[in-house]
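A short worksheet on the structure shown next.
The values are calculated or read from the model by the stated rules, or taken from the named source; none is laboratory data. All values derive from a computational prediction rather than experimental measurement. Here the Cβ positions follow ideal geometry from the backbone for every residue, glycine too, while neighbour counts run over all protein chains shown. With ligands, DNA and RNA removed, areas are computed over all heavy atoms of the protein, side chains included. Shrake-Rupley method; radii C 1.70, N 1.55, O 1.52, S 1.80 Å.
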Amino acid sequence: MDASAAVARPAPGSTLTHWKQRLALERQQLKTQFLNRPAPAGLLRRLSSVVDRQLREVWDSYAMPAGLALVAVGGYGRGALYPYSDVDLLILLPSPAHEVPERELQQFIGTLWDIGLEVGHSVRTVAQCLSLAEQDITVQTTLLESRLITGNRALFREFEAATSAAMDTRAFLEAKQLEQQQRHARFQATNLEPNIKESAGGLRDLQTILWIARAAGIGKSWKEVAERDLITATEAREIQRHERFLQTLRTRLHYLASRREDRLLFDHQSALAAQMGLQDKPHRLASEQLMQQYYQAAKAVAQLNTILLQNLTALISPPQDREFHPINDRFGMRGELLEAKTDDLYERHPAALLETFVLLQTHHELKGISAGTLRALWRGRRLIDDQFRRNAVNRDLFMRILKSPSRVDRELRRMNQYGVLGRYLPEFGRVVGQMQHDLYHVYTVDEHILKVVRNLRRFAVPELAHEFPLCTRLMTDFAQPEVLYLAGLFHDIAKGRGGDHSHLGAQDALRFARTHELSAEDANLVAWLVENHLVMSSTAQKQDISDPDVIRAFAERVGDDRRLSALYLLTVADIRGTSPKVWNAWKAKLLEDLFHLTRRLLAGHGASVESSIQTRQEEARSKLRLYAVPEHAHEKLWAQLDTAYFLRHDPQEIAWHTRLLYYRPDTPTPVVKARLSPAGEGLQVMVYAEDQKELFARICSFFESISYDIHEAKVYTSRTGYALDTFQVQDPNNDSPRYRDIMSYIEYELAERLVHKSPLPALPHPRLNRQLRHFPISPEVNIQPDDKGTYQVLSVIAGDRPGLLSRIARVLTAYDISLHTAKINTLGARAEDVFLISGNTLHNAKRVIRFEADLIEQLRT
């Protein structure tokens, strides 16, 4: 029909209002029904039906040409329309594009938006559809799920026949597999706020299977897939159960957000948990319980997706090499895949469950597990029970995996993927999918544990020695590295039980080590590492490691060089496994300095305070000679510095300070100098000025004004009343090229502020990040005398935000408390800072109580 002959009949205003009100009412009724009695599949079908009827009425009201067809595609096409998902439409044309009734179609689409339908549409001929599908797998997939709503039925049948004839099933399979790999990689960083639709184990993984099955003519439903023996009826029911759970979550998310929202954001997790009937427990938040249910469902979906993809691949694109090459009496290789000789192998020989992973680990030519064997493994994992775990053969097989010179972390991850690791280690099974709302772990407990083992394994790879040279040297010399892998497996395994997870995990580790026949020495080492896995990090980041007494106490706790090396390796691997943002060069330097100082002491090279100071001064003088500083030029400045200064600063810092100040120790003008940090990241900034009351607060305010984080502050006052402070600062975005550009700015602007003693700026009131807003940290303040009784140690725990350090500094100033050292430890959104302080206030119990109350109030603000 000629477009010019079509007579447009725009709907009158009253009709539009009627449609809009009816659509909103019907949607609200369906929402109420769902929230009262959740049945996601039925809701999605009924939402699709409501939209179908509305589209037909609007289409008919415009008297569209009879040759056109209105087609539903995508999720709407398969009759699964979520509450706030787009309504994807294809308007099929029988004639070339220049005869499109553009005005009528524009009015039609406009009306749909006016009545409350968010429409995504395209207008194409059959030939155009085929051309686009050939170029774009997404278009091809969308067209695969098409359904006629109204219009030319013959044209729609022509379209169906053409798209079916054009389908290259093998190419479609390969394209969807590649698309899934890319999607998983794109969403892998969203571990704590996963995307229900797109993340690994999400709804898209299930849809991918059905798309491939549909393209291959196998079926459109799980029942039809089961009828083709690709899965059992039990597995089909399991898939449907997990699909129903994910559909329920996604539907509730849409209703909670009142928009299309597929991410399980922190903003919604607590409300979702409440809707699902979950309540907080003493050691588990309701939101954590919900998320563990999600992760377990997602893991099961990912496992079934892998099994079905293997089965579909074997059916659609069988390997060219079909010959079976025996490996041993139980297994062989077919087409680069490991295959059991018989389908009932695991039932007859349960030990073969662990042998599967041993063979994959040792035979590098194997690329995976065959479809049939994978299905048998999936079913057979339930055979792993207490009797299986007590079997000496099985214990030996598990230890062989840990003792292998290669692929340790790969096979442990594969065992976790297929549900075997959590069956063999029930303690590990309990933390699979467990959230960590501590604001710095960005992975679930099981994922974090496996990343720690992976980091340990990387230390043993010579090709990666450039990443962590010291770790590689220590790992190369470490006998029985399986001890470290076990410590990595058990270090957080007791989280969520209540009590001290380090202590409980150590008990689990010792029990495992003894039953798996580790030597008494190695068993005790594993347990000791788990019990003390936080000690080295805490010592390096919260104590003054320039103090010989701190090193001595740490060395006494460690005891010997093997324990020291093991603890250092585990600590580095652990911190790096919490979040990509937590590890930095400054933490690396602190840990490495603590390691070397302790190792020297354990080797019998400990020194007295006097000899330690002498050594530092001599090294500093050596460095000064390199800069042609006159031989005795340092003496006037050093005479103003006492023992505390020389203990708290290393020779490099002493030399740097001296080189800048030896000729002006009594300068009336503040001296501010910056340099690239010797740690490798950030800047080191020195401030030398006559002491003033608000000095520390003023410096903190300056760095906050340029959005720089302070990682460490060494605050010292000389005998002559000069402040000599050193700050380790860093751009939170780690923008290294910017450091050189900003050094001069810092030196000038900060010095100007100190000269003019301008009033402190108003404290900022920044918005809390989403994680802190939904999982707030109650501020903690603790004051204890140090070991020598000379100073007080102020420990602060609070949610990190801009201006936090300024708030602390101003409270210290208000109570005339002197600051000597500040260790600023930021773990994601959590601040754990330690300050060495002194002052008369601290000797008055009532004043201390008021000080603590005021500080907590500032930390809450």
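Go through region 273-368 and name the trypsin sites (Lys or Arg not before Pro) that are in a DSSP coil and have 13 or fewer other Cβ atoms within 10 Å of their Cβ.
Numbers: sites: 284, 299, 322, 330, 334, 341, 348, 367; in loops: 322, 330, 341, 367.
Here the sparse-neighbourhood loop sites are 322, 367.
With a Förster radius of 30 Å applied to the C-beta separation of residue 134 and residue 221, the computed FRET efficiency comes to 0.65. Within the straight-line cut-off of under 15 Å between alpha carbons, the aspartates and glutamates reachable from residue 197 are 86, 179, 205, 243, 261, 262, sequence neighbours fewer than 8 places apart in one chain being disregarded.
Only bridges with both residues in region 260-371 count here: give the DSSP antiparallel percent, nearest 5.
Working: 7 of 9 bridges.
Of the beta bridges lying entirely in region 260-371, close to 80 percent run antiparallel.
When every Cα-Cα distance of region 489-546 is counted in 5 angstrom steps from zero, the calculated P(r) takes the values 4, 21, 24, 19, 15, 10, 5, 2, 0 percent. Choose one of 452, 571, 821: the residue whose Cα lies farthest towards the positive end of the charge dipole of the chain (beta-carbon charges +1 Lys, Arg; -1 Asp, Glu; about the Cα centre). The residue sitting most towards the positive pole is 452.
Can you bin every Cα-Cα distance in the chain into 10 Å intervals starting at zero and give me the percent of pairs per bin, rounded to whole numbers? Bin by bin from 0 Å, the calculated values are 2, 10, 17, 19, 16, 14, 11, 7, 3, 1, 0. Element breakdown for the chain at a 1.4 angstrom probe: carbon and sulfur atoms account for 48% of the accessible area.
Checking every one of the GluC sites (Glu not before Pro) in region 322-412 against DSSP loop status and a limit of 14 other Cβ atoms within 10 Å picks out 323, 336, 365. The Kirkwood hydrodynamic radius of region 667-762, based on inverse pair distances between different Cα atoms, is 13.5 Å. Listed by chain and number, the lysines whose alpha-carbon sits under 24 Å from that of residue 846, ignoring those within fewer than 8 places in the same chain, are 693, 788. Note on residue 515 and residue 342: the extension gain reaches 59.1 nm, defined as 0.36 nm multiplied by sequence separation minus the Cα-Cα distance. Dipole size of the chain about its Cα centre, with +1 on Lys/Arg Cβ and -1 on Asp/Glu Cβ: approximately 1700 debye, rounded to the nearest 20. A 1.4 Å probe run over the chain, with the rest of the protein chains in place, finds 44 Å² accessible per residue. Among the trypsin sites (Lys or Arg not before Pro) found in region 777-861, those both in a DSSP coil and sparsely packed, with 10 or fewer other Cβ atoms within 10 Å of their Cβ, are 788. Every Cα-Cα pair in region 707-861 was counted, and those over 27 Å apart are 28% of them.
If packing is taken as the mean number of other Cβ atoms within 10 Å per residue, what is the order of 122-131, 441-450, 28-37, highest first? Could you put the intermediate results ahead of the total?
Values: 122-131: 17.1, 441-450: 22.6, 28-37: 13.0.
Going by the mean number of other Cβ atoms within 10 Å, highest first, we get 441-450, 122-131, 28-37.
Partner aspartates and glutamates whose Cα lies under 18 Å from the Cα of residue 623, excluding those fewer than 8 positions away in the same chain, are identified as 631, 635, 650, 653. Think of the chain as having a plus end and a minus end, set by charges on the Cβ of Lys, Arg, Asp and Glu; of 754, 720, 230, 230 sits farthest toward the positive end of this dipole.
Local charge sum around residue 549 (other residues, Cβ-Cβ under 11 Å, Lys/Arg +1, Asp/Glu -1)? Don't skip to the answer; put the middle values down first.
Numbers: positive: 552, 788; negative: 544, 547, 556, 786, 787.
Computed value for this residue: -3.
Measuring r between the beta carbons of residue 232 and residue 364 and using R0 = 35 Å, the FRET efficiency lands at 0.60.
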